[in-house]
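Engineer: I'd like to ask some things about the structure below.
The values are calculated or read from the model by the stated rules, or taken from the named source; none is laboratory data. A quick note: this is a predicted structure, and the numbers were derived from the prediction, not measured. All Cβ positions, even for glycine, are placed from backbone atoms using ideal geometry, and neighbour counts span all protein chains on display. In case anyone asks, the SASA skips ligands and DNA or RNA and just uses the protein heavy atoms, side chains included. Shrake-Rupley method; radii C 1.70, N 1.55, O 1.52, S 1.80 Å.
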Amino acid sequence: MNCNYSAAIIGTGSYVPDKIMTNHDLEKMVDTSDEWIKTRTGISERRIADESTATSDLSTKAALLALEDAGISAEEIDLVVVATVTPDMAFPSTACIVQKNIGALNAAAYDLSAGCSGFIYGLASAYGFISNGMYRNVLVIGAETLSKIINWEDRNTCVLFGDGAGATVVSRCDKGEGILSVKIGSNGNHDRLITQPAGGSRIPVDVESINKKLNKIHMEGGEVFKLAVRTMASVSEAALEEADITVDDLKLVIPHQANSRIIQGIFNRLKVSAEKSYINLDKYGNTSAASIPLALDEAAKKGVLKKDDKILLVAFGSGLTWGASTIKWVK
Ligand code: UT7
């Protein structure tokens, strides 16, 4: 990329609600089994926010930890981006609520809707603003309370998702450090494959739409599965090519945590050893926009990531959207 500066992740933080819902809990709610969920998805349990907790609450906790990790104050943040499909409300943005909560009073703030690819989209935004010199420090958060929009009678979807938040502080750095490449893309022709049909201007939330459960998640899982493997592999290749590195240069790959079989499919296509993957979906399920920053924070805090390691982040989600980024770790 031809820019004046580069941008690096200099701090990470994450937060998940305390309440754990296991596969055995779900066996009591729908016709499913621990064995089916584990073998078809790799998920054992997920976190569920309580009634009074919204996406901004999870985001705020993750953001404060990321700021502490980065060693900068909230006043130094120029932009807050919250990637989410479960904002606190239609407006104001969840990002403005987080801005207030953490005291980032010098920042602009907005939400970003790109489904499970939201964090990579946020990273691309941060990279753009920082590399052209407009901003120095951007807080990129991926956060969801998907439990609030799950149809708990639909076994096709209710076993998959969980709640959580991950935050990163992205800051100006020297060229050749930090984000080496970031690629995002979308194809609205597949807009119906993962959707919450009601709640916007097309289908308002009213008694009829609630009765039809149109205010809940609908997904054509099989179709999504096939497209996810193909697209995440190709966008990964594009990000690697742009950075002029190969899979052999990578220390770690952090894929969107949706399904262990999807991840295996990507790794097979990219010819990367499974040992290079960082996976925590067994504990959290699919947390959509939160999944990558949650896993990234865990990997960083566990010491799995070391300075100068090269990593690949890759995601896929509603839209359809996708994105991948290669990063030289600077911490
Ligand atoms: O974050 C990005 C968006 N989401 C994703 O990436 C999810 C992508 N899709 C998937 O992960 C998988 O397609 C699922 C996990 C959703 C489903 O796995 P699958 O291997 O594609 O299963 P299937 O949909 O083909 O269903 C196989 C069978 C069906 O029964 P019949 O028709 O063969 O009798 C389903 O009704 O499994 C049944 N089934 C279940 N059985 C027990 C579906 N959900 C369940 C369940 N428990 N929870």
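Engineer: When the accessible area of the chain is split by element with a 1.4 Å probe, what percent falls to carbon and sulfur?
Structural biologist: 49 percent
Engineer: For LYS226, what charge total do you get from the other residues with a beta carbon under 13 Å from its beta carbon, if Lys and Arg give +1 and Asp and Glu give -1?
Structural biologist: With Lys, Arg at +1 and Asp, Glu at -1, the net is +1.
Engineer: Over all directions, the average projected area of the alpha-carbon convex hull for the chain comes to how many nm²?
Structural biologist: 15.6 nm²
Engineer: Give me log10 I(q)/I(0) at q = 0.13, 0.17 Å⁻¹ for segment 180-328, Debye formula, one equal scatterer per alpha-carbon, no solvent.
Structural biologist: Reported log10 I(q)/I(0), two decimals: -0.61, -0.94.
Engineer: If you don't mind, there's one more thing I want to ask. List every residue whose amide H lies under 5 Å from the amide H of MET29, counting only residues 5 or more places away in sequence or on a different chain, with H placed 1.01 Å from N in the peptide plane.
Structural biologist: Amide H to amide H, under 5 Å and 5 or more residues apart or across chains, MET29 pairs with nothing.
Engineer: Excluding ligands and nucleic acids, what accessible area in Å² is computed for SER147 using a 1.4 Å probe, to the nearest 10?
Structural biologist: Only protein atoms counted, so the area is about 10 Å².
Engineer: Please identify the chymotrypsin sites (Phe, Trp or Tyr not before Pro) of segment 102-196 that satisfy two criteria: DSSP loop assignment and at most 14 other Cβ atoms within 10 Å. Which are they?
Structural biologist: Qualifying residues, ordered by number: TRP152.
Engineer: Find out how many positive minus negative residues lie around THR22, taking Lys and Arg as positive, Asp and Glu as negative, among other residues whose Cβ is under 12 Å from that of THR22.
Structural biologist: +1
Engineer: Using a 7 Å offset from Cα along Cα-Cβ at ASP244, what residues in segment 166-200 end up with backbone N under 11 Å from the label point?
Structural biologist: 176
Engineer: Determine the distance separating the Cα centre of segment 270-331 from the Cα centre of segment 222-257; give it in Å without decimals.
Structural biologist: For segment 270-331 versus segment 222-257, the Cα centre distance is 11 Å.
Engineer: Under a 1.4 Å probe, what is the accessible area of the chain per residue, stated in Å²?
Structural biologist: Per residue, the chain has an accessible area of 42 Å².
Engineer: Would you rank VAL16, VAL253 by solvent-accessible area, highest first, keeping every protein chain in place and using a 1.4 Å probe?
Structural biologist: So, going from the largest accessible area down, we get VAL16, VAL253.
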